[in-house]
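Taking it in order: structure first as structure tokens, then the write-up.
The values are calculated or read from the model by the stated rules, or taken from the named source; none is laboratory data. Nothing here was measured: the structure is a model prediction, and the numbers come from that model. All Cβ positions, even for glycine, are placed from backbone atoms using ideal geometry, and neighbour counts span all protein chains on display.
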Amino acid sequence: MGEGNRRLGKAARHAYTRSMNKPALDTRPERREPTSKARPETRFEACPQGLQSGRVGAVARFAVAPMMDWTDRHCRYFHRLISARAELWTEMVTTGALIYGDVERHLRFDESEHPVVCQLGGSVPSALATSARLVRDWGYDGVNLNCGCPSDRVQSGRFGACLMAEPALVADCIKAMQDAVDIPVSVKCRIGIDDQDSEQALADFVGQIAETGCHTFTVHARKAWLQGLSPKENRDVPPLNYERVRRLRQANPELSIALNGGLVDLATCLSVLDWCDGVMLGRAAYQTPWLLSDVDADIYQDKGAQVGDRWQVAARMADYADRQRARGVPVKSITRHMMGLFNGLAGAKAWRRYLSTQAHLEGATGDVILRAADLVARTGED
Ligand SMILES: Cc1cc2nc3c(=O)[nH]c(=O)nc-3n(C[C@H](O)[C@H](O)[C@H](O)COP(=O)(O)O)c2cc1C
């Protein structure tokens with residue numbers, strides 16, 4: 001009987017035992033938090049998608065988008081328990097935060113998170129080169145430059161989506177990053193900004209960057225309005241235009257392009273993968289994380305993929321929460337990413353309610369997660 005099973009309540013134990021007929025959740029070796037800088041010579045071993053396609057630096061077939069305040073290391077650890085293959089991305093971290101701030105706080109991650117890409121925000125080539133070196137030294141599998149974030153704060157720092165108006169500067173930034181590191185360097189951008197949203201403008205932007213040798217782009221298939229719309233509105237209001245990304249892909253067969261924006265299910269992802277090299281999901285992956293459980297089998301055709309059930313994931317997260325708690329991380333910092341785990345099942349509401357009322361209490365432990373999972377199992381038996 002596994003540790004998680006021992007700690008589960010009666011009903012959840014029942015669900016857990018049932019699930020033991022399925023393959024074990026995770027047979028990968030025990031993970032450790034990096035305590036020192038990772039060994040650069042091993043970093044390509046952890047980059048299966050690049051090697052697999054024979055194009056180091058190619059986009060992953062499936063990635064979970066960078067999301068500020070959402071895709072922190074606890075969230076990525078959780079997602080990794082559900083899919084062994086999805087590429088995970090950090091939140092955007094600015095060059096200033098890395099050069100003048102607490103590097104460990106921003107770059108620390110768990111070995112299990114591989115393949116994992118770090119996204120940078122910045123527009124000063126030398127600062128991006130320094131930051132990319134830090135990212136490389138910490139063992140990330142790739143480094144990405146954010147050219148898609150429309151927030152005011154980011155614009156005042158002259159980076160994010162406003163960089164789409166300055167392709168020559170972006171090319172300089174990318175070149176500096178490429179000269180600094182030998183991990184793949186990529187760009188995440190929109191299809192346009194403000195009135196600079198023609199097909200030609202996108203082709204010019206991508207073309208100038210491609211001349212540096214960077215062939216890897218993730219394109220959020222909507223433009224951003226830099227004035228007048230909030231970042232949240234900028235993720236919904238400008239219409240999606242997948243066709244523009246499709247034509248960009250067709251016109252540039254040497255590029256590796258992932259489509260992002262509005263994808264919510266794997267069937268649509270698979271149809272997009274007929275013409276695009278990769279897909280990236282943001283909100284849907286965060287809000288309905290169990291969709292990641294089919295990624296290994298459906299997107300990577302990994303028929304031996306070993307995914308347990310949601311109770312097993314909950315049990316693993318309870319153990320993780322206790323380990324993190326011993327290092328001073330409050331349980332609520334972990335459970336906040338798990339609210340959607342049982343979405344679609346009877347009991348999902350009870351799960352969310354229990355986590356939201358109990359996880360922030362003084363002295364909360366991983367048992368909160370087990371008890372919430374038990375509630376779901378009992379609801380399922382009613
Ligand atoms: C809460 C939140 C934070 C985000 N933060 C970032 C970020 O740090 N960097 C970035 O490139 N995009 C960021 N995005 C945009 C997503 O990466 C993605 O491009 C966008 O949500 C569209 O994809 P989706 O429709 O699958 O959610 C963020 C999105 C959300 C919802």
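Select, from ALA350, ALA321, the only residue that is within 26 Å of the chain's Cα centre (by Cα) and at pLDDT 95 or above. If you could, list the steps in order and put the result at the bottom.
Details: ALA350 fails: within 26 Å of the chain's Cα centre (by Cα).
None of the other options fit; the residue is ALA321.
Among (1) touching a strand residue (DSSP E or B) at 6+ places or on another chain (Cβ under 9 Å); (2) assigned to a helix (DSSP H, G or I), which single condition is ALA203 missing?
Every listed condition holds for ALA203 apart from (1).
How many of the residues in the stretch 156-206 are at pLDDT below 95 and among the basic types (Lys, Arg)?
So the answer is 1.
What pairs come out if I take residues in the stretch 262-291 that are in contact (Cβ under 8 Å) with a residue 12 or more places away in the chain and closer than 15 Å to ILE82 by Cα and pair them with residues that are within 9 Å of the ligand (Cβ to nearest atom) and in a helix (DSSP H, G or I) whose C-beta lies under 8 Å away, six or more apart or interchain?
Pairs found: LEU291/ALA284; LEU291/ALA285.
What residue, among those in the stretch 264-282 that are in a loop (DSSP other than H, G, I, E, B) and in contact with a strand residue (DSSP E or B) (Cβ under 8 Å, 6 or more places away or on another chain), is farthest from the ligand (Cβ to nearest atom)?
It comes out as ASP277.
Here's the yes/no breakdown for (1) in contact with a helix residue (DSSP H, G or I) (Cβ under 6 Å, 6 or more places away or on another chain); (2) charged (D, E, K, R); (3) under 20 Å from ARG283 (Cα atoms):
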position	(1), (2), (3)
HIS337	yes, no, yes
TYR354	yes, no, no
THR357	no, no, no
GLY363	no, no, no
LEU370	yes, no, no
VAL376	yes, no, no
GLY380	no, no, no
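How many residues are part of a loop (DSSP other than H, G, I, E, B) and surrounded by fewer than 15 Cβ atoms within 10 Å (Cβ to Cβ) if we restrict to the stretch 366-382?
The total comes to 1.
Which one of these is touching an Asp or Glu at 6+ places or on another chain (Cβ under 7 Å), within 13 Å of the ligand (Cβ to nearest atom), modelled with pLDDT of 95 or more and not hydroxyl-bearing (Ser, Thr, Tyr): ALA221, ALA258?
ALA258 is the lone residue from the list that is touching an Asp or Glu at 6+ places or on another chain (Cβ under 7 Å), within 13 Å of the ligand (Cβ to nearest atom), modelled with pLDDT of 95 or more and not hydroxyl-bearing (Ser, Thr, Tyr).
Taking the stretch 320-356, which residues are within 23 Å of LEU291 (Cα to Cα), of a type in the set (A, V, I, L, M) and part of a loop (DSSP other than H, G, I, E, B)?
Hits for the stretch 320-356 are MET338, MET339, LEU341, LEU345, ALA346.
Tell me, please, whether a residue that is in a helix (DSSP H, G or I) and either buried (at least 16 other Cβ atoms within 10 Å of the Cβ) or of a type in the set (Val, Ile, Thr) (or both) can be found in the stretch 300-309.
no
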